[in-house]
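**Q** Take a look at this one; I'll ask things after.
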Amino acid sequence: MKKIGFDNDKYVRIQSEHIRERISQFGGKLYLELGGKLFDDHHASRVLPGFKPDSKLYMLQQLSESMEIVIVINAEDIEANKVRADLGITYDEDVLRLREAFMGRGFFVGSVVITHYTGQRAADTFKQRLQRLGIKTYIHYLIEGYPHDVAKIASDEGFGKNEFVETERPLVVVTAPGPGSGKMAVCLSQLYGEQKRGVRAGYAKFETFPVWNLPLKHPVNIAYEAATADLNDVNVIDHFHLDAYGKVAVNYNRDMEIFPVLNALFEGIYGVNPYKSPTDMGVNMVGFCISDDEVCRKASEDEIIRRYYAATNKLADGACNDSEVHKIQLLFNQMKITTDNRRTTVAANERKASSGHTSAAIELPDGTIITSQSSPLLGCCAALLLNVTKHLAGIDHEVKLIPQSMIEPIQKTKIEYLGAKNPRLHTDEVLVALSVLSPHDDNCRRALEQLPELRGCQIHCTVMLSEIDRKILKKLGCDLTCDPVRKSPLQDRGADISPTVACKE
């Protein structure tokens, strides 16, 4: 069983209660800026074992009758065809995906706001598309001098030029496909508009990380720095909070830098700022729901190592510069960890050293580690899937689930008819072969039935995998890391795919 360090039921309960309290604090109207992912928050579930990826959705479902969602997208991102790296779709397509996903969960999505508008043609086209679909769409303009020219921003020449977003419910959750969308500016613009209409509305920020009531150097907070290394976010002590209350709280540099400006904006809109610090603006209750600190510390150390491998892989692909890697290396030094703290990394590299072939290793929840290597028939991760499902099903590892007579025709089709250069079967091809055999082969059926047991398992590979293999392992719920090494598909034709099994500690 995977160790649990977070009380998810408590989180759903106290987080929704805290948001209700914040709504009542402002007389019944609250704009809640939602940072991070509303669903599929796998970073949180990795560093806080027990946190369900859709926890925030479940929490907001407690408030759904009084809540509506506004989705924000930056016109510059539409123009640039910006793509979500995790999904491989553009931000404008993700707006439609998010809307459909929210509505499928029973949420009311009121409208879409296009921000940073300066006449971009692609933004005009997207607005027309939304309107044809019957979606209310509003335009917010790029304000010269934002965020520092407070006098202009909090005037009819600033926020006053924006189209006021008509909302119906007390809680308005403002979310977006990604960072830099202008969510906060939309919230503040709405506060200005509400005030002009005689309504005193409030603003709050719902962002999970960093966790304000954990120590600055707690691994959970350090893991957040690793996750945002490309943005160069830095966790800091909220000195505004310390000065106001004499209590230490953790925030991050961008919120600290913008708070004096926000303070002036609130004073410009309200005459007084209801918040004394950036931490005051937040409603995050995650830190009160950690049930086993040691489990979360270990999980966060693992996440930092995964982030390091992700950054080195991006660097090998030319998708980032080395500053992101160096930032995470500095975090390694702070935490006094190395890649050897990841057991699968050590096991995969030991298998590679002993065999001379690309290798992979998986760690099961009970601590068992199983390894494999590439062969003329199978890639190392395809072989790993066979090895681990046989282990879990209690099938002797000498049993060949997929006969060579079935693999060779598949290889012939790949090379001769489809023009592939790599003859070895990928993970998806192995799973299809097992599926075809399963109605007539009990071992194949039993092996396939073990696939749900792989969710949350750790895998390391000594070579960067193909996109196909990465996607399959992600769908299986495995946490994958790879050495930043590319290998020719014609190299590494080992013969032995027998597993190495290490008993749990």
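The values are calculated or read from the model by the stated rules, or taken from the named source; none is laboratory data. Every value quoted in this text rests on a predicted model; they were computed, and no experiment measured them. So basically every Cβ, Gly included, is an ideal-geometry build from the backbone, and we count neighbours across all protein chains shown. Only protein heavy atoms, including side chains, enter the accessible area calculation; ligands, DNA and RNA are left aside. Shrake-Rupley method; radii C 1.70, N 1.55, O 1.52, S 1.80 Å.
**Q** Over the alpha-carbon set of segment 241-342, work out the extent along each principal axis and list the three values in angstrom, largest first.
**A** 54, 37, 19
**Q** Sum up the lysine pairs in segment 144-248 that clear both bars: alpha-carbon distance under 22 Å and a spacing of 8 or more or different chains.
**A** 9
**Q** When the helices in the chain are scored as -39500 (n - 2.57) per DSSP H run of 4 or longer and the sum is shared across all residues, what 222 nm value do you end up with, to the nearest 500 deg cm²/dmol?
**A** -13000 deg cm²/dmol
**Q** Would you mind checking which residues have amide H under 5 Å from Val109's amide H? H placed 1.01 Å from N; only 5 or more apart, or other chain.
**A** Ile69
**Q** Something else about it: Give, rounded to the nearest 20 debye, the magnitude of the charge dipole that segment 170-291 has about its Cα centre when Lys and Arg contribute +1 at Cβ and Asp and Glu contribute -1 at Cβ. Mind showing how you got there, number by number?
**A** Values: 9 positive and 11 negative charges, 79 e Å.
So the magnitude is around 380 debye.
**Q** Another question about this same structure. May I ask you to evaluate 6.51 cos²θ - 1.76 cosθ + 1.60, the Karplus curve with θ = phi - 60°, for each residue of segment 7-19 and list the ³J(HN,Hα) values in order in whole Hz, giving x for glycine and proline?
**A** 3J(HN,Hα) across segment 7-19, in whole Hz: 8, 5, 5, 5, 4, 4, 6, 7, 5, 5, 4, 5, 5.
**Q** Next question, about the same structure. Evaluated at 10 °C with a viscosity of 1.306 mPa s, what Stokes-Einstein diffusion coefficient in µm²/s does segment 99-246 have when Rh comes from the Kirkwood expression over alpha-carbon pairs?
**A** D, rounded to a whole number, is 88 µm²/s.
**Q** Any idea what Rg and Dmax come out to for segment 1-150 if you just take the C-alpha atoms, in Å?
**A** Rg, Dmax (Cα atoms, Å): 17.7, 55.
**Q** Quick check: from the Cα gyration tensor, does the chain come out rounded (a/c under 1.5), prolate or oblate?
**A** Prolate, because a/c is 1.5 or more and a/b exceeds b/c.
**Q** In addition: Which value, in debye to the nearest 20, describes the size of the charge dipole of the chain about its Cα centre when Lys and Arg Cβ atoms bear +1, Asp and Glu Cβ atoms bear -1, and nothing else is charged?
**A** Taking the Cα centre of the chain as origin, the dipole is about 480 debye.
**Q** Apply the Debye scattering formula to segment 314-364, with a single equal point scatterer on each alpha-carbon and no solvent, then give log10 I(q)/I(0) at q = 0.16, 0.32 Å⁻¹.
**A** Those come out to -0.68, -0.99, one per q.
**Q** Got a sec to turn the phi values of segment 29-35 into Karplus ³J(HN,Hα) couplings, 6.51 cos²θ - 1.76 cosθ + 1.60 with θ = phi - 60°, whole Hz, x for Gly and Pro?
**A** 9, 9, 9, 10, 6, 9, x
**Q** Please enumerate, by chain and number, the aspartates and glutamates with C-alpha under 12 Å from the C-alpha of Lys471, excluding those fewer than 8 residues away in the same chain.
**A** Asp86, Asp428, Asp479
**Q** Kindly sort Ile89, Ile402 by accessible area of their heavy atoms, largest first, with the probe set to 1.4 Å. Write out the running numbers ahead of the final one.
**A** Working: Ile89 50, Ile402 15 Å².
These residues rank, largest area first, as Ile89, Ile402.
**Q** Just flag the GluC sites (Glu not before Pro) in segment 160-250 sitting in loop per DSSP whose Cβ has no more than 14 other Cβ atoms within 10 Å.
**A** Listed in order of number, the matching sites are Glu166, Glu168.
**Q** Gly282's amide H: which non-local residues (gap 5+, or another chain) put their own amide H closer than 5 Å, with H modeled 1.01 Å from N in plane and none for Pro or chain starts?
**A** Here Lys205 satisfy the definition.
**Q** Something else about it: Quickly work out the Arg20-to-Lys412 label distance, labels modelled 7 Å from Cα along the C-beta direction, and quote it in nm with one decimal.
**A** 6.8 nm
**Q** Going down the list Lys336/Lys475; Lys10/Lys474; Lys82/Lys276; Lys352/Lys421, which pairs span over 26 Å between their C-alpha atoms?
**A** Flagged as over cut-off: Lys336/Lys475; Lys10/Lys474; Lys82/Lys276.
**Q** Follow-up. In Å, what Kirkwood hydrodynamic radius results for segment 37-122 from the alpha-carbon pair distances?
**A** Roughly 14.4 Å, rounded to one decimal.
**Q** Place a +1 charge on the Cβ of each Lys and Arg in segment 335-397 and a -1 charge on the Cβ of each Asp and Glu, then give the dipole magnitude about the Cα centre in debye, rounded to the nearest 20.
**A** With only Lys, Arg, Asp and Glu charged at Cβ, the dipole is about 180 debye.
**Q** For Val236, enumerate residues with amide H under 5 Å from its amide H, sequence gap 5+ or separate chain, H modeled in the peptide plane.
**A** Amide H neighbours of Val236: Asn251, Tyr252, Asn253.
**Q** Counting only C-alpha contacts under 8 Å and six or more residues apart, can you give the relative contact order of the chain as a whole percent?
**A** Averaging sequence separation for qualifying contacts and normalising by length gives 14 percent for the chain.
**Q** Mind running the shape call on segment 356-453? Use the C-alpha gyration tensor, a ≥ b ≥ c as the square roots of the eigenvalues: rounded below 1.5 for a/c, prolate if a/b tops b/c, oblate otherwise.
**A** oblate
**Q** Could you order Met464, Met67 so the one with the most accessible surface comes first? Probe is 1.4 Å.
**A** Met464, Met67
**Q** Right, something else. Taking the solvent-accessible surface of protein heavy atoms with a 1.4 Å probe, what is the per residue accessible area of the chain in Å²?
**A** 44 Å²
**Q** For segment 128-172, state what percent of all Cα-Cα pairs lands in each successive 10 Å bin, counting from 0 Å until the bin that includes the largest distance.
**A** 24, 35, 32, 8
**Q** Is the shape of segment 149-189 best called rounded, prolate or oblate, per the rule: a/c under 1.5 gives rounded, else a/b larger than b/c gives prolate, else oblate, with a ≥ b ≥ c the square roots of the Cα gyration tensor eigenvalues?
**A** oblate
**Q** Which percent of the accessible area of the chain is formed by carbon and sulfur heavy atoms (probe 1.4 angstrom)?
**A** Of all accessible area on the chain, carbon and sulfur atoms account for 51 percent.
**Q** May I ask you to derive the FRET efficiency for Asp243 and Tyr270 from their Cβ-Cβ distance with R0 = 30 Å, giving the value to the nearest 0.05?
**A** Efficiency at R0 = 30 Å is approximately 0.90.
**Q** Give me a comma-separated list of calculated 3J(HN,Hα) values for segment 263-276, in order, Karplus coefficients 6.51, -1.76, 1.60 applied at θ = phi - 60°, integers in Hz, x for any Gly or Pro.
**A** So the Karplus estimates, Gly and Pro as x, are 4, 5, 5, 4, 5, x, 7, 9, x, 8, 8, x, 10, 9 Hz.
**Q** No solvent, one uniform scatterer per C-alpha: report log10 I(q)/I(0) for segment 216-286 via the Debye equation at q = 0.11, 0.18 1/Å, two decimals.
**A** For the requested q values the scattering log ratios are -0.30, -0.74.
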